[in-house]
Every structure is written in C-alpha cells, then in structure tokens.
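Comments concern the structure below.
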Amino acid sequence: MSEADYQRDPAVSDDDLRDAAETALTQCLGLGSDETCVIVTDDKRRRIGETLYTVASGLTDDPVIVRYPPGPQHGAEPPQPVAAALRKADVFLAPTTKSISHTRARGSACDAGARGATLPGITESVFVAGLDADYDAIAAHSETMFEQVVGADEIRVTSPQGTDITFEIGDREWLLDTGLVHAQGGFSNLPAGEIFVAPECATGTYVVDGTMRPHGLLAADQHLRFEVENGYVTDISDDEIREQIETAAEQVGRDASNLAELGIGTNVGVDELVGSVLLDEKAAGTVHIAIGDNAGIGGETDAPLHLDGILREPTVFADGVELTLPR
C-alpha cells in the first residue's frame, strides 16, 4: 500500500494518538524499561502502530515494530516472522485490521510468557476514544459487576425493545476484561472494559438496537430480533446476518448458530455508541450477546464466526435479583 493509498483520520491529532498510546503502554501493559516490546501492525493501521512504537521507544531501549499486509480474515494466522516476534517479546500490542486474538501465534506467545493486547479492527478515532479512560476505575467497575453475578445459576436480560432471554450459566466461569495486563502471560483486547461468560444454555428472545456487524451502528428505528431455544439461535429477523450464519453452517453445522456469549460493558469512559463493536460492547451499562464461536472464552464451540450484538437499554437479573449496572 502506497502513502497515497493510506487514509489517515484528519480529525485525530498526533497528540491524541500519543496520549492513547501512553495509556496503553503504561497503565494497561505496564511496560518496564528492562522489557522487550513488539508492536505488530499492518499497512492499514500503521499510524497507530508507529505511534505505539514511538511511545515504547521512550519507555524501553528494546522496542520492535513489525508490519505486514492485512490478513485475509479475522483469525487468520500472521506470517511466521510475526509469530516469532510475538513469542520472543515480554510485551506486545497488535493494532491490526483483522483480528489475531484467537490465533495460534498469539496463544503461543502468551504460553511462552509474553503479555499483551490485540486491537482488532481498531480505527484511529476508536483508539483515541477507547483509551481516553482511567483503566484503574474500569477495573474497579468490572470487579463490582463480577461480584454481582458470580455464583448465579441464571441470568435474565430484558429490554424495552422486546428482549426477554434467560441464560443458564452452569459450570462456566465469568471472565473479566479490565484492560490491565500486568501478569506474565496475560492477555486482553483494547479498548477493554467488560465481564463476560460463555453460557451453557439460553432460551428466549433478544433484540439488538445498538451495534452489530455487518450493519454497524443501527438507526433509531432499526431492531434486529433473534429467537433462541436450548442454546441455539432458531430465527433471525435480518437477512444478512442469517446468510452469514447459514454460510458458516456449511462448515460446522448447527454450531454456527450457537448462543456463544453474554457480556456486560464496564468502560465508563465510553458514553455513546459509535458503530465499532470493539468499542461499543465495552460501553458501561450495555449488554452484548454473541452467536457462534466461544472456544476461546470458556465454551466448547469452535465456529468460523463470532457475531456480537449490543443492547442499549438492558435490565439484568441474577437469580431474580436486579443488578446495578455501571453508568
């Protein structure tokens, strides 16, 4: 990709990017002066990658930046030199067009002791908006939310738009994504701020009125309705999303319609939805529900898609008790 082909966001200043990069490297990753750091990026995200590299250069004497063409799809393995760089780093950050979060390269790096974060599909505006936050406060909100749900057998979610769905948690564990990645082998997405679980089963209806691929931010009168029975989505009001699942079903059958995830956003720095699932699912007080793969978050389904839909106005109950959502 030539310099003429690269599109930078004129609304995002270099100073804004640098502030966000400093938050990522200092508060979120805690990069030490004696640690190696690798920035993995691609041709479409190089301004973010280069800003992270510049900031890392002021924190450690051993930063590296690796750039490659955007991957063909989310979950595609990066080139072998990229995988090797990840595996040998103490700390890594990966702002890329296509996600490498669930790749063997990323998993092997963490297994080898590297800690880091991926920023899949990140844009310059989302990078600034999502990292302009106090991650210590986000961690505290996440812990408070976690304490309200841990140990509950059932979670029920309702909304004014028509959502009424009950999740059976079973033996599955709630996970916290606080954005603070300070332990060896630790991993997060950035921007962060959620608690989530791969439920054992779910039944009911949920209505997405926030953000969902491929539509992005939904119009005020646009609602996507999903019917769920015994842990599988059985009816979808939207043709494009239905087609995505039917295509995936050609590979994995019924697993493509698995009700994969229930998440609650805890990032109080995100006060409006912008159309990016990566950011919007973290917005405090929202709920997101996903279809498809959950093998990487405590579930048992391996599918070639993971479709998050965000609910703006949820009410959440744990074993019949209404929860206090962060705002």
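Put simply, of Ala183, Ala192, Ala202 the only residue that is more than 18 Å from the chain's Cα centre (by Cα), within 30 Å of Val40 (Cβ to Cβ) and not aromatic (Phe, Trp, Tyr) is Ala183.
Filtered by the rule that a residue be assigned to a helix (DSSP H, G or I), of a type in the set (A, V, I, L, M), out of contact with any helix residue (DSSP H, G or I) (no Cβ under 7 Å at 6 or more places or on another chain) and in contact (Cβ under 8 Å) with a residue 12 or more places away in the chain, the stretch 116-162 gives Ala137, Ile138, Ala139, Met145, Val149.
Residue count for the stretch 160-201 satisfying the condition of being more than 20 Å from Thr286 (Cα to Cα) and small (Gly, Ala, Ser): 4.
Looking at the structure I just gave you, is Gly296 assigned by TED's automatic domain parsing to the domain that holds Ala139, closer than 27 Å to Leu180 by Cβ and assigned to a helix (DSSP H, G or I)?
Values: assigned by TED's automatic domain parsing to the domain that holds Ala139: yes; closer than 27 Å to Leu180 by Cβ: yes; assigned to a helix (DSSP H, G or I): yes.
Criteria met by Gly296.
Okay, residues lined up against (1) within 22 Å of the chain's Cα centre (by Cα); (2) farther than 19 Å from Thr26 by Cα; (3) of a type outside the set (Asp, Glu); (4) surrounded by fewer than 22 Cβ atoms within 10 Å (Cβ to Cβ):
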| site | (1), (2), (3), (4) |
| --- | --- |
| Thr51 | yes, no, yes, no |
| Val55 | no, no, yes, no |
| Gly58 | no, no, yes, yes |
| Pro63 | no, no, yes, no |
| Pro72 | yes, yes, yes, yes |
| Ala84 | no, yes, yes, yes |
| Ala94 | yes, no, yes, no |
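If the condition is being of a type in the set (A, V, I, L, M, F, W, C) and without any contact (Cβ under 8 Å) to a residue 40 or more places away in the chain, then the stretch 202-245 contributes Leu218, Ala219, Ala220, Ile236. Kindly indicate the residue of the stretch 242-272 that is at pLDDT 95 or above, of a type in the set (A, V, I, L, M, F, W, C) and not in a helix (DSSP H, G or I) and also surrounded by the fewest Cβ atoms within 10 Å (Cβ to Cβ) among those meeting that condition. Result: Leu262. Gly113 satisfies every condition listed in (1) assigned to a helix (DSSP H, G or I); (2) of a type outside the set (Asp, Glu); (3) surrounded by fewer than 18 Cβ atoms within 10 Å (Cβ to Cβ) except (1).
The values are calculated or read from the model by the stated rules, or taken from the named source; none is laboratory data. Since this is a predicted model, take the numbers as computed values, not measurements. Counting neighbours? That spans all protein chains shown, and the Cβs are built from the backbone with ideal geometry, glycine included.
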